[in-house]
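Trainee: Below: one structure in structure tokens.
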Amino acid sequence: MGENILFSLGDFQVSMALFLEIIASVLTFLCILFAVKEKIWTFPIGMISTTMYFFVFFMQRVYSSMTLQIMFFAFNAYGLYKWTHPGKKDLAKPDNTLAVTVFTPQSRILLVAIIAILTLALGYVMSNLHDWLPSLFPEEAKYVYVDTAILSASLVAQYLMAIKKLENWAIWFLVDIVSAPFYFITVGWATGILYSVFIFTAVMGWMEWRKAKG
């Protein structure tokens with residue numbers, strides 16, 4: 001998990017990467033719980049946790065997931081605005097906050113195509129970063145196409161959450177099933193456990209938002 005040891009608890013050593021990972025995991029869990037309940041606090045907390053995860057993934061050379069945190073930060077900022085400032089064409093609740101809506105079947109097919117194209121394109125980029133920018137990425141990225149598949153689907157899911165589309169939870173469910181074992185292997189136990197729990201929160205989110213949809 002990293003070379004820099006912050007402190008030890010008996011024989012258990014806590015590195016900087018592990019310390020950041022644990023805090024980021026807790027904050028991300030709170031972020032998802034707020035999202036399930038349609039609470040605006042999901043976004044500022046998400047902005048903090050994604051900043052911390054950026055450094056965790058950089059330390060582990062999981063560059064696609066590292067890049068994902070930049071986009072997550074941006075989508076959290078957008079979601080913070082969008083949920084409280086629905087446009088004229090958006091469905092709003094009586095309190096003038098954004099309401100949950102769903103896509104058409106044709107739009108859902110388009111989402112799958114977008115995720116597939118992003119995975120292939122980003123996979124090519126990430127697999128060559130160590131050649132193109134050796135000073136920033138001195139080592140070759142690991143598990144490139146699994147990592148970029150997670151990145152691509154997560155980007156789409158986070159954007160759909162920002163615009164309050166029910167389908168975001170279905171995509172998160174699939175992302176979490178893949179991410180849980182992947183992060184156990186590549187990042188650490190805290191993130192692996194977190195994404196295992198997210199499988200169930202994605203189901204909760206789907207059920208809660210389906211009841212609330214306009």
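The values are calculated or read from the model by the stated rules, or taken from the named source; none is laboratory data. On a predicted model such as this, the values are computed, not experimentally measured, just so you know. A quick note on method: Cβ atoms are made from the backbone with ideal geometry, for glycine too, and the neighbour counts reach across all protein chains shown.
Trainee: Just to be sure I understand, how many residues within the range 81-112 are loosely packed, with under 12 Cβ neighbours inside 10 Å and farther than 15 Å from Tyr159 by Cβ?
Mentor: 10
Trainee: Among what's in the range 34-71 and is surrounded by fewer than 22 Cβ atoms within 10 Å (Cβ to Cβ) and among the aromatic types (Phe, Trp, Tyr), pick the residue that is farthest from Lys211 (Cα to Cα).
Mentor: Residue satisfying both the conditions and the ranking: Phe58.
Trainee: Follow-up question, since we're still on this one. Can Ala157 be described as in contact (Cβ under 8 Å) with a residue 12 or more places away in the chain, closer than 23 Å to Val36 by Cα, under 13 Å from the mean Cα position of the chain (by Cα) and surrounded by 18 or more Cβ atoms within 10 Å (Cβ to Cβ)?
Mentor: Criteria met by Ala157.
Trainee: With the condition kept exactly as written, say whether any residue in the range 117-138 is touching a Leu at 6+ places or on another chain (Cβ under 7 Å), more than 24 Å from Cys31 (Cα to Cα), assigned to a helix (DSSP H, G or I) and modelled with pLDDT under 90.
Mentor: yes
Trainee: If you scan the range 55-82, which residues turn out to be under 15 Å from the mean Cα position of the chain (by Cα) and more than 18 Å from Val125 (Cα to Cα)?
Mentor: Correct list: Phe55, Val56, Phe72, Phe73, Ala74, Phe75, Asn76, Ala77, Tyr78, Gly79.
Trainee: Another one. Is there any pair with a first residue in the range 172-190 that is farther than 24 Å from Trp206 by Cβ and a second that is among the basic types (Lys, Arg) and surrounded by fewer than 24 Cβ atoms within 10 Å (Cβ to Cβ) whose Cβ atoms are under 8 Å apart and which are 6 or more apart or on different chains, and what are they?
Mentor: Correct list of pairs: Thr186/Lys142.
Trainee: Please work out which one of (1) at pLDDT 75 or above; (2) among the hydrophobic types (A, V, I, L, M, F, W, C); (3) over 17 Å from the mean Cα position of the chain (by Cα) is the condition Ile45 fails and give its number.
Mentor: Exception for Ile45: condition (3).
Trainee: Could you tell me which residue of the range 114-153 is farthest from Phe58 (Cα to Cα), considering only residues that are aromatic (Phe, Trp, Tyr) and in contact (Cβ under 8 Å) with a residue 24 or more places away in the chain?
Mentor: Out of the qualifying residues, it is Tyr145.
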